[in-house]
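First comes the structure, then the notes that go with it.
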Amino acid sequence: MTTTDAKGRYTEAAMTEAMRHIADQLDVPSHDAKLLRLTNNAVFALPTAAIVVRITRSTVLHDRVHKVARLATWFAERDAPTIRLATHVDQPVPVEGLLATIWEYVPPTDPTPTVEDLGHLLSRFHNLGTPPFPLPSWDPVADARSRLADAEALRDDEADYLLTWCDHLAPRIAALNERSKGNLVHGDAHVGNLLRTPDGDVVIGDFDPTCAGPWQVDLVAVPVGETRFGRHGAHSRLARAYGYDVTQDPDWPTLREARELKMVCAAVPLLASTPGVAREFRTRLHSVRIQDQHARWTPFADLRREGG
């Protein structure tokens, strides 16, 4: 299994082969396997086997996979509102130099989780305390810089602006982290990461970005998305469900700016391959440079569905 794409990541075909190898190891059927996601991880649902296989597409992210497995074990011990690792498997599972985690399959169940569900779940999640092992600190600036380091189609003036933005934001992020005293942060809390179980409970998944930092981070995506994407009413519903309006927080300007840095830099690896995303990236960057906080943006996922 050595086939990689242009970025050196393992291809869909290679990931499918790895998934089937894992299924054979576990002695479970994979004939109905369905690819759910192919980003940093290849995620496959195996409904008949009642599991989900999640394989990292990089050999340099092993520490993160181990962190996710430890977190999921701790979440289960705390009866947290989270998806569960499969209990009959030693985690993580090695496969051809990569690592995989195996999860309990949650079949699609109506009604679809709502922003109110997100607010109630986050209230429980933030009350879990912190695990008895270290977590990485919330650091959106480091994440942005790592994307900029692999920016083949980024113009010099764009790179200079974004790196300067990172330099200016970094000390504010450090100060905010210092004041937060290492609270538990999911790191990518949005309705798309929620699942409703057949029992009617709502759980959250995707612990790759889970870290220690200001808990307010998990409330920021919805109000920023409301402003930038025109999703009216979602923030007020989240604030009521959670019991806190993050836009009134003294650190809201820094929290909003950190989120927008992520939303701009997320496009950088796709500039060369996806023209629609490249245009949207430049729309976003221009609005930031002229300090237009009300400019409307288009979700990158919508552009990729339209074929760029």
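Here is how the numbers come out for the structure above:
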| quantity | calculated |
| --- | --- |
| Hey, residue 250 in the same structural domain as residue 119 (by TED's automatic domain parsing), of a type outside the set (Gly, Ala, Ser) and in a loop (DSSP other than H, G, I, E, B) or not | yes |
| Residue list for region 59-70, restricted to those being within 15 Å of residue 206 (Cα to Cα) and either buried (at least 21 other Cβ atoms within 10 Å of the Cβ) or of a type in the set (Val, Ile, Thr) (or both) | 65, 68 |
| Selection from region 43-75 of residues that are free of Cβ contacts under 8 Å to residues at least 40 places away in the same chain, in contact with a strand residue (DSSP E or B) (Cβ under 7 Å, 6 or more places away or on another chain), under 23 Å from residue 185 (Cβ atoms) and not β-branched (Val, Ile, Thr) | 62, 69 |
| Any hit, region 225-246, residues being more than 30 Å from residue 79 (Cα to Cα) and among the hydroxyl-bearing types (Ser, Thr, Tyr) | yes |
| Qualifying residue in region 133-141 (condition: buried (at least 17 other Cβ atoms within 10 Å of the Cβ) and within 25 Å of residue 274 (Cα to Cα)) | yes |
| Failed item, numbered, when residue 187 is tested on (1) of a type in the set (Gly, Ala, Ser); (2) under 23 Å from residue 281 (Cβ atoms); (3) in a helix (DSSP H, G or I) | (3) |
| Answer from 73, 16, 56, 39 - the residue that is within 21 Å of residue 96 (Cα to Cα), of a type in the set (Ser, Thr, Tyr) and surrounded by fewer than 16 Cβ atoms within 10 Å (Cβ to Cβ) | 39 |
| Qualifying strands (runs of 3 or more DSSP E) (wholly inside region 1-109; at least 3 residues being over 20 Å from residue 136 (Cβ atoms) and β-branched (Val, Ile, Thr)) | 51-56 |
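The values are calculated or read from the model by the stated rules, or taken from the named source; none is laboratory data. The shown structure was predicted, so the numbers you read here are calculated from the model rather than taken from an experiment. Methodologically, a virtual Cβ is constructed for each residue, glycine included, from the backbone with ideal geometry; neighbour enumeration extends over all protein chains shown.
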